[in-house]
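Some notes on the structure that comes next.
The values are calculated or read from the model by the stated rules, or taken from the named source; none is laboratory data. Fair warning: this is a prediction, and the values are worked out from it, not measured in the lab. Cβ coordinates were reconstructed from backbone atoms using ideal geometry, including for glycine residues, and neighbour counts include every protein chain displayed.
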């Protein structure tokens, strides 16, 4: 009788242990794809390292300092400062931030209510208005990847705010993306181009307001050495080109292969090298299907001859 009572308890514990082990194995298996998705997004279309990874004198990212901040500095009328350290370092990075706080910073441009810059908004170079379109699963993956990179201690100067941050001036209407959109070529391209904030740079600004309704993708936005620092020493500045389907000023006469080459190699239709801050080195890691989707989406931009 003692054995008959013991055996059910033993089996019960065994079943519980087996269930826990199965759950752990499932979590580990899921962690692989989640981390890989986060790595893919951060190191390709989001191009986080273009701003947040320090570079050498020729503009090449320093791998040992991935995402440690200071990759690009801005000195514009409303703001001066460098891209932040977003490694898990607890003192100089985001190691003391919760997942929710990191997500809030990415999608709303808001810092946590603790630390030396508590309550200060992130400056407009942080494309939170575009990042708010990131799907929940992708946002989880991004945070998981940021948690996984080596923590790098890299103290940086505090930003200087010369005017209030009016993020609504760069507002992007909610695109209503869902998981199903990733299965549709054009919608996936629209999603990737949105979270890649392509149209933040390639849409003109008028009186401090991004002309997303009137001139989406029409280009003409200047980037000059006087207010963007950290690019190659030989860089003389650039003006974003027209990405619309206009045949004279835009991409209407370009082949798909020419557009793809421009994105991942920084080579124009005429064979000339295109200029930073376009993050070609990061876009080079895009999968072919995602690159094709982005091109398909760009084809849908109405022609704007400006």
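Out of all the residues in the stretch 174-181, is one or more touching a residue at least 60 places away in the same chain (Cβ under 8 Å), surrounded by fewer than 17 Cβ atoms within 10 Å (Cβ to Cβ) and not in a loop (DSSP other than H, G, I, E, B)?
So far as the stretch 174-181 goes, no, none of its residues is touching a residue at least 60 places away in the same chain (Cβ under 8 Å), surrounded by fewer than 17 Cβ atoms within 10 Å (Cβ to Cβ) and not in a loop (DSSP other than H, G, I, E, B).
Just to be sure before I move on: is residue 86 crowded, with 20+ Cβ neighbours inside 10 Å, closer than 17 Å to residue 153 by Cα and in contact (Cβ under 8 Å) with a residue 60 or more places away in the chain in the structure I sent?
Yes: the conditions hold for residue 86.
Yes or no, residue by residue, for (1) buried (at least 19 other Cβ atoms within 10 Å of the Cβ); (2) at positive phi; (3) not in a helix (DSSP H, G or I):
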site: 116; (1), (2), (3): no, no, yes
site: 140; (1), (2), (3): no, no, no
site: 146; (1), (2), (3): yes, no, no
site: 150; (1), (2), (3): no, no, yes
site: 157; (1), (2), (3): no, no, yes
site: 164; (1), (2), (3): no, no, yes
site: 169; (1), (2), (3): no, no, no
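Is one or more of the residues making up the stretch 39-57 surrounded by fewer than 17 Cβ atoms within 10 Å (Cβ to Cβ), closer than 27 Å to residue 225 by Cα, at pLDDT below 95 and out of contact with any strand residue (DSSP E or B) (no Cβ under 7 Å at 6 or more places or on another chain)?
So far as the stretch 39-57 goes, yes, one or more of its residues are surrounded by fewer than 17 Cβ atoms within 10 Å (Cβ to Cβ), closer than 27 Å to residue 225 by Cα, at pLDDT below 95 and out of contact with any strand residue (DSSP E or B) (no Cβ under 7 Å at 6 or more places or on another chain).
I want to confirm something. Restricting to the stretch 96-114 and keeping residues that are out of contact with any helix residue (DSSP H, G or I) (no Cβ under 8 Å at 6 or more places or on another chain) and surrounded by 14 or more Cβ atoms within 10 Å (Cβ to Cβ), which single residue is farthest from residue 164 (Cα to Cα)?
101
Quick one: which residue in 176, 208 is on the phi > 0 side of the Ramachandran plot and under 20 Å from the mean Cα position of the chain (by Cα)?
176
Of the residues 253, 238, which single one is without any contact (Cβ under 8 Å) to a residue 24 or more places away in the chain, out of contact with any helix residue (DSSP H, G or I) (no Cβ under 7 Å at 6 or more places or on another chain) and closer than 26 Å to residue 285 by Cα?
One residue alone meets the criteria, 253.
For the stretch 68-87, check the following and say yes or no: at least one residue is at pLDDT below 95, within 22 Å of residue 285 (Cα to Cα), touching a helix residue (DSSP H, G or I) at 6+ places or on another chain (Cβ under 8 Å) and assigned to a loop (DSSP other than H, G, I, E, B).
yes
Here are some conditions: (1) assigned to a loop (DSSP other than H, G, I, E, B); (2) touching a strand residue (DSSP E or B) at 6+ places or on another chain (Cβ under 9 Å). Residue 200 meets all but one. Which one does it not meet?
Only one criterion is unmet by residue 200, namely (1).
Considering the stretch 249-268 alone, what residues qualify as being surrounded by 14 or more Cβ atoms within 10 Å (Cβ to Cβ) and over 21 Å from the mean Cα position of the chain (by Cα)?
249, 250, 251, 252, 254, 256, 258, 267, 268
Given the conditions (1) within 26 Å of residue 74 (Cβ to Cβ); (2) surrounded by 14 or more Cβ atoms within 10 Å (Cβ to Cβ), and given that residue 296 satisfies all but one, which numbered condition is not satisfied?
Checking residue 296 against (1) within 26 Å of residue 74 (Cβ to Cβ); (2) surrounded by 14 or more Cβ atoms within 10 Å (Cβ to Cβ), the one that fails is (1).
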